[in-house]
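In what follows, a single structure is set out as structure tokens and then discussed.
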Amino acid sequence: MEREHQGCLIGIGMVAVCGVILFVAYKWNIPFLKCVCYLLPALIGSYIGSQYFSNEEQRVKNRFSRRTWSWLVVGFFLLAALLAWLFEGRLW
């Protein structure tokens, strides 16, 4: 039960960070940060779900390496940049 609570706290913390980033994005009208905040829950959900809401056997079997997570984050930022450019025509 302790791991589930830790995953919940990480999720709450990431939502708070996303809220701050979204506030900054709307205050200074930065399309890239808006798209990052729109896509961030998908990245957070995949991390928390794979770490905290699966049993030990699945966790070991389906664990991503640090390299895979690094590539996911890079792809996440590239997708956010592409969407910001397509929707707004600018990144900043």
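The values are calculated or read from the model by the stated rules, or taken from the named source; none is laboratory data. Not measured: the values here are computed from a predicted model. No Cβ is skipped: glycine too gets one built from the backbone with ideal geometry, and neighbour counts run over all protein chains shown. Heavy atoms of the whole protein, side chains included, go into the accessibility calculation; ligands, DNA and RNA do not. Shrake-Rupley method; radii C 1.70, N 1.55, O 1.52, S 1.80 Å.
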query = Which pairs do you get when a residue that is touching a residue at least 24 places away in the same chain (Cβ under 8 Å) and of a type outside the set (G, A, S), found in region 48-75, comes within reach of a residue that is open to solvent by 70 Å² or more (accessible area, probe 1.4 Å) and outside any helix (DSSP H, G or I), reach meaning Cβ atoms under 8 angstrom, with the pair 6+ apart or on two chains?
reply = L72/F64
request  = May I ask you to say which residue of G89, G75 is of a type outside the set (D, E, K, R), open to solvent by less than 90 Å² (accessible area, probe 1.4 Å), at pLDDT 85 or above and more than 23 Å from M14 (Cα to Cα)?
outcome  = G89
Residues that are within 24 Å of W92 (Cβ to Cβ), open to solvent by 70 Å² or more (accessible area, probe 1.4 Å) and not hydrophobic (A, V, I, L, M, F, W, C), drawn from region 6-26 = Y26
task = Just give me the residues in region 27-62 being exposed (fewer than 12 other Cβ atoms within 10 Å of the Cβ) and either modelled with pLDDT of 90 or more or touching a helix residue (DSSP H, G or I) at 6+ places or on another chain (Cβ under 7 Å) (or both), in sequence order.
result = K27, W28, N29, N62
